[in-house]
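**Q** Sharing a structure, written as structure tokens. Questions coming.
The values are calculated or read from the model by the stated rules, or taken from the named source; none is laboratory data. All figures in this text were calculated on a predicted structure; none of them were measured in a lab. Here Cβ is always computed from backbone atoms with ideal geometry, including for glycine, and neighbour counts include all displayed protein chains.
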Amino acid sequence: YYILAHSTGAVIALLASPSMVNRVRRMVLLAPFLEVPDMPVSIATVRRVCAIFCALGLGWLYAAIGPRPKVPPAFEVNKVTSDPARYRRNVGIYEAWPQLALGGPTIRWLKA
């Protein structure tokens, strides 16, 4: 097998790689999400706090950013793409099918 993965998927592939040595020939891992940049506390502290929130049944809360806004930001302030046609296409998709839009990370996601 070959693995092509990005961000969190790349981390999962890295963590699973020792158990897949005889089954995976090559891996291409793009921008593995190894750490949260510019955190004022250690990742161990974040995990402990997230574990407490999850134990209290609050893992569904947003850790940052929150849900996707009802009205998309103007193209000029978006941080996702520099292509206006791609931006318009994606906004159209999210307006037609809002259930496909992603919000910020949840506490449960951050704990994982």
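**Q** Take the residues in the range 69-79 that are surrounded by 13 or more Cβ atoms within 10 Å (Cβ to Cβ) and outside any helix (DSSP H, G or I); name whichever of them is farthest from the chain's Cα centre (by Cα).
**A** Pro72
**Q** Would you check which residues across the range 1-33 are over 17 Å from Thr106 (Cα atoms) and either touching a residue at least 40 places away in the same chain (Cβ under 8 Å) or part of a loop (DSSP other than H, G, I, E, B) (or both) and list them?
**A** If the condition is that a residue be over 17 Å from Thr106 (Cα atoms) and either touching a residue at least 40 places away in the same chain (Cβ under 8 Å) or part of a loop (DSSP other than H, G, I, E, B) (or both), then Tyr1, Val21, Asn22, Arg23, Val24, Arg25, Ala31, Pro32 are the ones that fit.
**Q** Looking at the range 43-68 only, could you name the residues that are part of a loop (DSSP other than H, G, I, E, B) and modelled with pLDDT under 85?
**A** If the condition is that a residue be part of a loop (DSSP other than H, G, I, E, B) and modelled with pLDDT under 85, then Ala63, Ala64, Ile65, Gly66, Pro67, Arg68 are the ones that fit.
**Q** While we're here: Take the residues of the range 34-53 that are β-branched (Val, Ile, Thr) and surrounded by 14 or more Cβ atoms within 10 Å (Cβ to Cβ): which is farthest from Leu110 (Cα to Cα)?
**A** Filtering the range 34-53 for residues that are β-branched (Val, Ile, Thr) and surrounded by 14 or more Cβ atoms within 10 Å (Cβ to Cβ), the one farthest from Leu110 (Cα to Cα) comes out as Val49.
**Q** Looking at the range 89-106 only, could you name the residues that are within 12 Å of the chain's Cα centre (by Cα) and not small (Gly, Ala, Ser)?
**A** The answer is Leu102, Pro105, Thr106.
**Q** If Gln99 satisfies all but one of (1) assigned to a helix (DSSP H, G or I); (2) more than 28 Å from Ala13 (Cβ to Cβ), what's the number of the condition it fails?
**A** Answer for Gln99: the failing condition is (2).
**Q** When Ser82 is evaluated against the numbered criteria (1) surrounded by 12 or more Cβ atoms within 10 Å (Cβ to Cβ); (2) outside any helix (DSSP H, G or I); (3) at pLDDT 90 or above, which criterion, by number, is the only one it fails?
**A** Answer for Ser82: the failing condition is (1).
**Q** Out of all the residues in the range 85-112, which are among the charged types (D, E, K, R), under 30 Å from Ala44 (Cα atoms) and at pLDDT below 90?
**A** The answer is Lys111, and nothing else.
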